[in-house]
1. Return the tail of the calculated pair distribution for the range 179-245, meaning the percent of Cα-Cα pairs more than 16 Å apart.
2. Could you sort 38-47, 256-265 so that the peptide with the highest average Cβ count within 10 Å comes first and the rest follow in order?
3. What nm distance separates the two modelled labels at residue 17 and residue 292, each placed 7 Å from Cα along Cα→Cβ?
4. Looking at the chain, send over the antiparallel percent of its DSSP beta bridges, to the nearest 5.
5. In units of 2.2 N^0.38 Å, what is the alpha-carbon radius of gyration of the range 237-292?
6. Would you mind pulling out the separation of the Cα centroids of the range 135-168 and the range 45-78, in Å?
7. Rank-order 106-119, 159-172 by packing density, defined as the average count of other C-beta atoms within 10 Å over each peptide's residues, highest first.
8. Under the rule a/c < 1.5 gives rounded, and otherwise a/b versus b/c splits prolate from oblate, where does the range 15-110 land using the Cα gyration tensor?
Ligand code: FAD
Ligand code: A2P
């Protein structure tokens, strides 16, 4: 049955989930593992493609869903490691056009340990980034039934807002959308610290060049951009492009998708509250009277309590 619980939102497609679970994984084969940033970047982000033909994921994933991976080995109590989720970056038809090859965008977690200052390396992200073409990898999923393009995808306008690897699902969704005619309008706001970290930058630049309906705007937080002296967060792009952004958000059929860092959504909602007239804002956010006048002090804790995104807003943050 299609998902009808989003009564005032778009109808979402029916999806498959949990076809493979930890203990009952499918074996995929790595077909590609390439850096997906334009130049020598400060971080390490890779586009990893996995052939899942022969597993139950084959033909059964959609852009916007994620899949699971468990790092090999056991934790300090001798238990298998928990699975980590990775957003599918491929379109629904897969990298191969047949739904047999999915991809993701993995950032190596490398840092100093919060307590010891020793080197801290995330288990699953580094395991995935280390894999070579031809290596086997156990996969689970697919996961997620809410962060999806609607059934009648050409009937909507889209505002996609990403930070970091939050770009992954939007690569797949945009490839889905522009496989045919494409929507009336779609905009992608992409936030990274530096220009060197912009994943799939050439692909989105080309998509914009080839499609009048697509707008690609970057927000670099730690360096200047041509049109801005200071660093920008993605929500600042709503302000620098206030007029076109207000216009697209004013349409009755615009959907907002947000993906990336936990906490990014509240800044976006604050900016929307500052710039949008009430009748438009209420299409996206239900805001309690008591916090309505004090946008600057909104916090993430208020989400889903005093500040409730409507069914035209889709959020996946981690
Ligand atoms: P872990 O070994 O799990 O280490 C991370 C944990 O260690 C953290 O939870 C934190 O508690 C702790 N930690 C973090 N930093 C430090 C530090 N400096 N010192 C001490 N402790 C620390 N990631 C992607 O790269 N690409 C994606 O497309 C993607 N999609 C996702 C989709 C969803 C729906 C979700 C929920 C997550 C997604 N993630 C994605 C995040 C991913 O699941 C992992 O959380 C991430 O890769 C880190 O996993 P890890 O095993 O490498 O790190
Ligand atoms: P910064 O780290 O300079 O504060 P990445 O995951 O590749 O590090 O990119 C995440 C991007 O999102 C960075 O540019 C980061 O900026 C930015 N960022 C951090 N916090 C927020 C937030 N609350 N809202 C929007 N963007 C954020």
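Just so it is clear, none of the values below were taken in a lab; they were calculated from the coordinates. Just so you know, these numbers come straight off a predicted model, no measurement behind them. Cβ placement follows ideal geometry from the backbone for every residue including glycine, while neighbour counts extend to all protein chains displayed.
1. 49 percent
2. In descending order of packing, they fall as 256-265, 38-47.
3. With each label point 7 Å from Cα toward Cβ, the separation is 3.4 nm.
4. Rounded to the nearest five, the antiparallel share is 60 percent.
5. This ratio for the range 237-292 stands at 1.12.
6. So the two Cα centres are separated by 15 Å.
7. The densest-packed peptide leads the list: 159-172, 106-119.
8. Cα axes put the range 15-110 in the oblate bin.
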